[in-house]
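Right, one structure below, let's go through it.
The values are calculated or read from the model by the stated rules, or taken from the named source; none is laboratory data. What you see is a predicted model; the values in this text were computed from it and never measured. With ideal geometry, Cβ positions are generated from the backbone for all residues, glycine too; neighbour counts draw on all protein chains shown.
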Protein chains: 2
Amino acid sequence: MIMSVADSKLGLVSPNMPVSIHNPEPADRKETTTLADVAARARVSVGTVSRILNGKYKEKWPSMVSRSAKIRRIAIKLGYRPNTAARSMSHGRFQAIGFVTCGDYEIDWYPINGLSGIYSVVEDMGWRLLINELPSAKIKDSALLPQLFRESAVDGLIVNLLPMFSRTIAYFKKLRLPYVLFNVKQKQQCVYPDDFSGAALAVSWLLSRDVRRIGYFCRSCAADIHYSMSDRLAGFQNAMKAANLESHRYLELSPSDDDRHMDVLQRAEFFLRRFPDVQGVICYESEEAVCLTATAKSLGIRVPNQLKVMGFNERVIRGNTGLPIETIEIPFYEVGQQCVKMLHSMIESQDSELPSVAIPYRPFRF
Amino acid sequence: MIMSVADSKLGLVSPNMPVSIHNPEPADRKETTTLADVAARARVSVGTVSRILNGKYKEKWPSMVSRSAKIRRIAIKLGYRPNTAARSMSHGRFQAIGFVTCGDYEIDWYPINGLSGIYSVVEDMGWRLLINELPSAKIKDSALLPQLFRESAVDGLIVNLLPMFSRTIAYFKKLRLPYVLFNVKQKQQCVYPDDFSGAALAVSWLLSRDVRRIGYFCRSCAADIHYSMSDRLAGFQNAMKAANLESHRYLELSPSDDDRHMDVLQRAEFFLRRFPDVQGVICYESEEAVCLTATAKSLGIRVPNQLKVMGFNERVIRGNTGLPIETIEIPFYEVGQQCVKMLHSMIESQDSELPSVAIPYRPFRF
DNA sequence: TTGTACGCGTTATCAG
DNA sequence: CTGATAACGCGTACAA
């Protein structure tokens, strides 16, 4: 069997197949299957294959159906996978969005659940998700700008930056790129967990367990780093007042100089000695919950019998530590999903100013 | 001033500019600046602009230099950003890699530092980084495959999957896509932290502090989930023996049924009561370190004066908790960097089998 | 329904 | 050094 040059270019030559010396294999032999390869194999035009693979036919009569199936089979057999770049060119859109973080060491953070939620909707849309860092130091000099901002590669951005990076965020407006803020609470273009009612939910769970002397425990005191620091406390206080219960069992957010040097364990002991009658504690995060549980144990308080400990966290705490801590799971997954939905509608409608969305916490199993 | 149709298409019409009724603005007016726009503005050809912007000229004589500068200025003024998709088409490569995780809830995990290290090298290469989930349930049915695998969009993959996902990993070979395994210890195509010598490094730090009765504390016992579980213990034992010290101060990895029901705090107390003379403990992770510190405190042992606690972690523990715990920082950043380097060389050389690389821990400040 | 031919934006080649 | 022009792979309008 003699292969023609044309056949060879169409990828019909298997890697191990001997080739005539008169038809030397070019060094840059094609590795990927294209639409043309499938078309040649099926003896139809590229247009036909494209339309079939994209379901643009009505496929009314059976002969069309079977032939479509045959071509699809060929495409699979040849391992055809559409080239995303070519699609982007043709479609006029990248069908991709970028997730932007600051990338600064020891500062950068995002919940994996959140990224997963973002991904789930992006995937459903048939789009792609790029991840990107934009250190605050680099936005001043345009020569230093990261690839994503020097080139155009996405249709929109989901931005994971604390309010302290407002200068960076302001920069996006000049880019003319639609963007949504992740886990930030502001008037517009934000999606964030509704920590205020999340705390209320925790209170009502404790109430359902006949726990009435409830406290709130928070490690740190920098109130303006993230809105959740104040919202969780406020939500706790509000829910307690609504239930006609005392809401004073918490340490001040602005500590005295003495307090400032306490580590979490010392602070936990301080808390438990100051409110010895407390029956349930809502903790800002799992770290506080673990330390409080440990300290309670060292003071002879049994958890969860005498003291119920709850902690906000992006994952179930118990699974890792085996400790009897009730997790108040932050709905980051849904936050991520909503971010993409909002961003997508901004991209479609060219609308650049949308009201923010607070994502409710998932209901507890009471 | 009358704008011609040509001018309009070249983007010289500002959004607010009135347009003649004989030249109706098309609905899908161009928003992005292209090479042609810059070329028209500078009255040169697109080729010239492309070459200047890509630095393909030697720029020997001054007139060339100044004109290049002028064109660069125009490009900036017009907000020109090269279209990545077009570049990919032309270059024949996507200049992008994908980071793959399983995406399974409560199982999926990766260190943000690692992703950051990956990004840093990708950025230096001028490439892009896509993130992608491949749930094990979806690889069976090709119709369910995620976008990244249905289409071709990257030149290689960095895979973050535990050994338990070996079926998924096997699938990549069929894809003909180069891939590297992140944080997995196998013979080939892996990059992982050298936990064995990491533990030794921790031992030598304690020795430098005149701590000689050293123990190792680990929460969990599932030895085959991740290589670090056995390697850290083995590294500890080996280093102790090399220093002629006792290496028996640790709890068995395979616990009895009684032990199995202990949470971390109970296990920590068990450990400290069993080895009451221990002066320093190396913990598998920060969680153990926190719980051990709390338990020590409850038993009247002062940390770090009487007992030095160290813990492996991807970030400095002290920064978050304020606790006196010495972090053994896992070099995930460097692991990520090395992954990209290895992957890139695989892409360049078409070589599909490279020996694995163990990344050393960073030296301690003694 | 089918094939052809063009456009998408960029880079590379090849004459001037 | 410069300007035309041909790829790159895909979608699609248009003509058959």
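Suppose the filter is more than 14 Å from every other protein chain (Cβ to nearest Cβ) and either acidic (D, E) or buried (at least 18 other Cβ atoms within 10 Å of the Cβ) (or both); does A:D277 pass it? So A:D277 passes the test. Can you say whether A:R41 is without any contact (Cβ under 8 Å) to a residue 12 or more places away in the chain and more than 10 Å from DNA strand D (Cβ to nearest atom), as far as the supplied structure shows? For A:R41, the condition - without any contact (Cβ under 8 Å) to a residue 12 or more places away in the chain and more than 10 Å from DNA strand D (Cβ to nearest atom) - is not met.
What is the residue count in region B:88-117 for residues that are free of Cβ contacts under 8 Å to residues at least 12 places away in the same chain, part of a helix (DSSP H, G or I) and under 18 Å from B:F165 (Cβ atoms)? Total meeting the criteria: 0. If you go through region B:292-349 and keep only what is of a type in the set (V, I, T) and under 18 Å from the mean Cα position of the chain (by Cα), you end up with B:V316, B:I330, B:V335, B:V340.
If you go through region A:115-126 and keep only what is crowded, with 22+ Cβ neighbours inside 10 Å and facing another protein chain (nearest Cβ under 10 Å), you end up with A:L115, A:I118, A:Y119, A:V122. Give all pairs with beta carbons closer than 9 Å in which a residue from region A:58-87 that is over 30 Å from B:W127 (Cβ atoms) and within 14 Å of chain B (Cβ to nearest Cβ) meets a residue that is more than 8 Å from DNA strand D (Cβ to nearest atom) and among the hydrophobic types (A, V, I, L, M, F, W, C); count only pairs at least 6 apart in sequence or on separate chains. Sorted first by the residue in region A:58-87, then by its partner, the pairs are A:R72/A:I52.
Per-residue answers, yes or no, for (1) modelled with pLDDT of 95 or more; (2) of a type in the set (K, R); (3) touching a helix residue (DSSP H, G or I) at 6+ places or on another chain (Cβ under 8 Å); (4) part of a helix (DSSP H, G or I):
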| position | (1), (2), (3), (4) |
| --- | --- |
| B:R273 | yes, yes, no, yes |
| B:V290 | no, no, yes, yes |
| B:K297 | no, yes, yes, yes |
| B:V316 | no, no, no, no |
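Summed over region B:318-335, the residues that are at pLDDT 95 or above, more than 9 Å from chain A (Cβ to nearest Cβ) and touching a Ser or Thr at 6+ places or on another chain (Cβ under 9 Å) give a count of 2. Restricting attention to region B:268-302 and to residues that are in contact (Cβ under 8 Å) with a residue 60 or more places away in the chain and among the acidic types (D, E), the residue that is nearest to B:V211 (Cα to Cα) turns out to be B:D277.
For region B:163-185, the set of residues classified as part of a loop (DSSP other than H, G, I, E, B) and among the aliphatic types (A, V, I, L, M) consists of B:L177, B:V184, listed by residue number. None of B:R81, B:R67, B:R73 is surrounded by 18 or more Cβ atoms within 10 Å (Cβ to Cβ) and of a type in the set (K, R) except B:R81. With respect to the numbered conditions (1) away from every other protein chain (no Cβ under 14 Å); (2) in a strand (DSSP E or B); (3) touching a Pro at 6+ places or on another chain (Cβ under 9 Å), which one is the sole condition not fulfilled by A:M310? Every condition holds for A:M310 apart from (3). Take the conditions away from chain A (no Cβ under 14 Å) and either more than 29 Å from B:R212 (Cβ to Cβ) or not polar (S, T, N, Q) (or both) and apply them to B:C339. Does it pass? For B:C339, the condition - away from chain A (no Cβ under 14 Å) and either more than 29 Å from B:R212 (Cβ to Cβ) or not polar (S, T, N, Q) (or both) - is met.
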